[in-house]
Amino acid sequence: LGAQMRDITGHAEREVSAAGRLELMVLESCVIRACEKCAHKKSGEICAYLSDRKNIVFPVRAQKRLCGTGYPCRNVILNSVCMNMIQKKENLQKIGADVIAAYEE
């Protein structure tokens, strides 16, 4: 990561995601509503959890649509593991990160 970040040149800001759960996938149709288990959560809230064949759990965040469709929201599948590189702040500064982003869990 460090060598790759140092190689980026130009005037663009360099952002590093340093903490939180990253988005893995966006489902345009609400999978929770399709299963008739929708709790009508607010946009940005965790509305469900999915697990894979190894029983690894992935949080599902509700995201409201801006336009009217048959389904009022879509789902954002988040990574099962929270990333935390904040303790490596010195390394992030060495590679020249202009913005260090932290996502809420």
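Distances between placed amide hydrogens fall under 5 Å for Cys47 paired with Val60, Arg61, Ala62, all partners being 5 or more residues away or on another chain. For Met83, the residues whose modelled amide H falls within less than 5 Å of its own, excluding neighbours fewer than 5 places apart on the same chain, are Gly20, Arg21, Leu22.
None of the figures in this text is laboratory data; all of them are computed from the coordinates on show. Since the model is a prediction, treat every value here as computed from it, not as a measurement.
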